[in-house]
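Data first, discussion second: the structure below is written as structure tokens.
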Amino acid sequence: MHTKDDITGIHHITAVASSTAENIDFYENVLGLRLVKQTVNFDDPFTYHLYYGDAQGAPGTILTFFPWQTLPRGKPGTGMVTAIAFAIPRSSMAFWNRRIKATGRALQTAERFGDPVITFADTDGLPIELVGRVDLPPTTGGGRCQIPDDHAIHGFHSATATLNGIEDIQALLEGEMGMRRHVQEGARYRFLMADQAAPGHLFDIVVDPAASPGKPGVGTVHHIAFRTASGKTQAQWQSNLRQAGRHVTEVRDRKYFRSIYFHSPGGVLFEIATDPPGFTVDESVEDLGTALMLPDQYEPIRTDIEKRLPALQRNAFYQGVEDASASTEAGRASAT
Ligand code: ZN
């Protein structure tokens, strides 16, 4: 039975990218997300930390990147989140199919638990999925490229982690984190989080006993963060998880949320992040993502940081995508 203190859903997912320009171009111009925060990696302040989400930067819609240009490409495998799924309207499958194909990338289509799924990779090889849903969580639309509202992404649908076995992770998810094992399809086990009206309340484990560990690097997920309502509920999680023998960090102030971290069985790095204070703590909703925001400890070295970070230019790598999907649509319309 869920209580209001349970983990409500995914808060954010953080992955590793190479080029900032290609990253922005793909997530803003192709997927239509909004860049809601330009800041730095608080543990490595000469590296960007870019946050994308819905128009308000709501938890459950936030995909973030550390662009580490010189890091080698990683390889998805066990002990990692191996796919990130966004929810789209089921009636938009054909729109997204054309749009992704117009970028020149390969895509696969499949059905999973009765929902159609499109799978492809971002510019660094990170696996992305779009799941067609009839019941969509409310979100607040996207960013610069103005995907029509009836096609827009509605935050996360789910995330998938790959592991060699299910028992240990299930003990953590169900026993300590209050999730509920929901359905199973082949080697895929789906767990349900408490707030089923919010985006990102599903977490899938794919069991592959023979799979090798993933190699961290560009194009892989760094960690997954789950949501909790407040600092008070977070302290309870920290204490409960420690009592269960998990090695949980101290609370770290990430300015937009507060975080604790621990490794789950099988190696996936978990974070539990607070909903408050949110991304409007230092910018208005209208201004989200428009300027480099720094935490107080790095303001004294802002000039240095700004000098060493690459300019956040948008190179419109995929400028033609919109035209291509629009003309295909026009072509289809005139043919029928
Ligand atoms: Zn995080």
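The values are calculated or read from the model by the stated rules, or taken from the named source; none is laboratory data. All of these numbers come straight from a predicted model, not from anything done at the bench. Neighbour counts are summed over all protein chains in view; Cβ atoms, including those assigned to glycine, are modelled from backbone coordinates with ideal geometry. The area values use the complete protein model at the heavy-atom level, side chains included, leaving out ligands, DNA and RNA. Shrake-Rupley method; radii C 1.70, N 1.55, O 1.52, S 1.80 Å.
Relative contact order (percent) for the chain, with alpha-carbon contacts under 8 angstrom and 6 or more residues of separation?
Value for the chain: 26 percent.
Counting other C-beta atoms within 10 Å, and keeping those with at most 16, which DSSP coil trypsin sites (Lys or Arg not before Pro) do you find in segment 140-215?
Sites meeting the loop and neighbour criteria: ARG144.
Assigning unit charges at the beta carbon (Lys, Arg +1; Asp, Glu -1) and nothing else, what dipole magnitude in debye, to the nearest 20, does the chain show about its Cα centre?
On the way: 31 positive and 39 negative charges, 97 e Å.
In total the dipole reaches around 460 debye.
List the DSSP H helices in the chain whose Cα atoms stretch 15 Å or more along the helix axis and whose mean Kyte-Doolittle hydropathy is at least -1.0.
320-335
For segment 71-136, what does the relative contact order come out to in percent, with C-alpha contacts under 8 Å and a separation of six or more?
The value is 40 percent.
Return the calculated 222 nm mean residue ellipticity for the chain, to the nearest 500 deg cm²/dmol, obtained by summing -39500 (n - 2.57) across DSSP H runs with n ≥ 4 and dividing by the residue count.
My calculation for the chain gives -4500 deg cm²/dmol from helical runs alone.
Starting from the amide H of THR82, placed 1.01 Å from N in the peptide plane, find each other amide H under 5 Å away whose residue is 5 or more places distant or on another chain.
THR160, ALA161, THR162
Students sometimes get this wrong: rank HIS222, HIS247 by accessible area, probe 1.4 Å, all chains present, largest first.
HIS247, HIS222
Whole Å is fine, so just give me how far the alpha carbon centre of segment 1-73 lies from that of segment 195-243.
15 Å
Please grab the % of Cα pairs in segment 10-334 that end up more than 30 Å from each other.
31 percent
Please report the antiparallel percentage of the DSSP beta bridges confined to the chain, to the nearest 5.
65 percent
List the residues, sorted by chain then number, that are 5 or more residues from ARG73 or on another chain and whose placed amide H is less than 5 Å from its amide H.
Under 5 Å from the amide H of ARG73 lie the amide H atoms of VAL218, each far enough along the sequence or on another chain.
Starting from the 7 Å offset along Cα-to-Cβ, what nm value, one decimal, do you get for the label separation of LEU312 and ARG73?
2.7 nm
For LYS307, go through the lysines and keep the ones whose alpha-carbon is under 21 Å away, minus same-chain ones fewer than eight residues off.
Result set, ordered by chain and number: LYS37.
What list of ³J(HN,Hα) couplings, whole Hz, do you get for segment 55-66 from phi and the Karplus terms 6.51, -1.76, 1.60, once you set θ to phi - 60° and write x for glycine and proline?
These are the phi-based 3J(HN,Hα) values: 4, 9, x, 6, x, x, 10, 9, 10, 10, 9, 9 Hz.
Do any GluC sites (Glu not before Pro) in segment 166-271 lie in a loop, going by DSSP, with at most 16 other beta-carbon atoms within 10 Å of their beta carbon, and if so which?
Sites meeting the loop and neighbour criteria: GLU250.
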